[in-house]
Amino acid sequence: MAPGSESSAVRVALVDDDTGLVAVLERRFAALRWQLEVLNYAPGHDHLAAMRLHAAIVNPALTGLDYIERVGMALPGLAVLVLAGPAPVADRVRGLRAGADDWITKPSHPEELVARLQAVLRRRRAGELSADDEPVVAGELTIRPDMFDAYVGEEAAGLSRKEYELLRQLAGADGRVLEREQIYQRVWGYTMVRGDRSVDVFVRKLRTKLERISPGWRYVHTHFGVGYRFAAERTDGGAGPDHDGQQPATARAPVPDAHAPRAERAAVRFDIVAVR
């Protein structure tokens, strides 16, 4: 039975020292026949992995916000919900960008908490790729669903869960441009709020990690004002696999002629900016 259904044994760790909250959730989880492990300290990644959890509910007052990102990097298959007292928008945004699947403000009704947890597990289940699915190969990169990561040879990019999901969505679009709103809906599961830059932030992180292990290639391309597209293109002057020795047009920028009229040099500089 998949986690998140009423008859399955969902295993959840609660990292919080609020005794009242613990008592309420223990009763509610027992009624659902879910397993709740209560911890009043920030457990290490190995400890969490050994517990074979479906989700962790974390109070950042006990762990710090950096802990969320570290857990997401070490355990990309683990759903992480933040349950915290009133916090400024900057903290909530930082937590979600760090990899939290949801942020819930105390006091929260136990039924809402359970419903949000079920929603997170459903979204993750819908986005899962089977370990039997074939890896995706593009340029030097191999995207491995069984490892939730991308590799060049044996070297891993070290993607967080959100970064991997972003890469998977882009690579699965068959070269089409995905709008920012589409990406946000598919990766985060919500409608994007005006002004939210999470997609752009995670694209930058993803690019940095891919360029570190595959410096001669560019994989994620920006379409200004629209969104992003995935395609493996050489950046070091070599030939990509689909270009018969020709450098892709989008990777070539004209060189300004020092003796050309000023207007022509300005036009060339504009072209360079547009290409980048």
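Brief remarks follow.
- For residue 210, the stated conditions hold: it is assigned to a helix (DSSP H, G or I), in contact with a strand residue (DSSP E or B) (Cβ under 6 Å, 6 or more places away or on another chain) and modelled with pLDDT of 90 or more.
- Residue within region 170-186 that is touching a residue at least 60 places away in the same chain (Cβ under 8 Å), under 18 Å from residue 93 (Cβ atoms), hydrophobic (A, V, I, L, M, F, W, C) and assigned to a helix (DSSP H, G or I) present: no
- Of the residues making up region 27-72, those that are small (Gly, Ala, Ser) and over 15 Å from residue 83 (Cα atoms) are 30, 31, 44, 49, 50, 72.
Conditions tested, residue by residue: (1) of a type outside the set (A, V, I, L, M, F, W, C); (2) assigned by TED's automatic domain parsing to the domain that holds residue 78; (3) at pLDDT below 80.
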| residue | (1), (2), (3) |
| --- | --- |
| 170 | no, no, no |
| 181 | yes, no, no |
| 184 | yes, no, no |
| 191 | yes, no, yes |
| 199 | no, no, no |
| 206 | no, no, no |
| 214 | yes, no, no |
| 225 | yes, no, no |
| 238 | yes, no, yes |
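- Residue match in region 256-270 (condition: outside the structural domain of residue 153 (by TED's automatic domain parsing), surrounded by 14 or more Cβ atoms within 10 Å (Cβ to Cβ), in a loop (DSSP other than H, G, I, E, B) and at pLDDT below 75): yes
- Whichever residue in region 139-156 is in a strand (DSSP E or B) and among the hydrophobic types (A, V, I, L, M, F, W, C) and, among such residues, is surrounded by the most Cβ atoms within 10 Å (Cβ to Cβ): 150
- Members of region 53-96 found to be hydrophobic (A, V, I, L, M, F, W, C), under 19 Å from the mean Cα position of the chain (by Cα) and not in a strand (DSSP E or B), listed by number: 65, 68, 71, 73, 74, 75, 78, 90, 93, 96
- Single residue of 117, 159 found to be assigned to a helix (DSSP H, G or I) and modelled with pLDDT of 85 or more: 117
- Verdict on residue 195 being part of a loop (DSSP other than H, G, I, E, B), at pLDDT 80 or above, surrounded by fewer than 21 Cβ atoms within 10 Å (Cβ to Cβ) and not aliphatic (A, V, I, L, M): no
- Top-ranked residue of region 17-49 - restricted to ones that are under 23 Å from the mean Cα position of the chain (by Cα) and either among the small types (Gly, Ala, Ser) or closer than 19 Å to residue 108 by Cβ (or both), ranked as surrounded by the fewest Cβ atoms within 10 Å (Cβ to Cβ): 44
- Scope region 97-109; condition modelled with pLDDT of 85 or more and either touching a helix residue (DSSP H, G or I) at 6+ places or on another chain (Cβ under 7 Å) or in a helix (DSSP H, G or I) (or both); matching residues: 100, 101, 102, 103, 104
- Evaluation of residue 70 against (1) touching a strand residue (DSSP E or B) at 6+ places or on another chain (Cβ under 9 Å); (2) buried (at least 16 other Cβ atoms within 10 Å of the Cβ); (3) more than 21 Å from residue 108 (Cα to Cα) (one fails), failing number: (1)
The values are calculated or read from the model by the stated rules, or taken from the named source; none is laboratory data. Quick caveat, the model's predicted, so the values are computed rather than measured. As a convention, Cβ positions derive from the backbone with ideal geometry for all residues, glycine included, and neighbour counts pool all protein chains shown.
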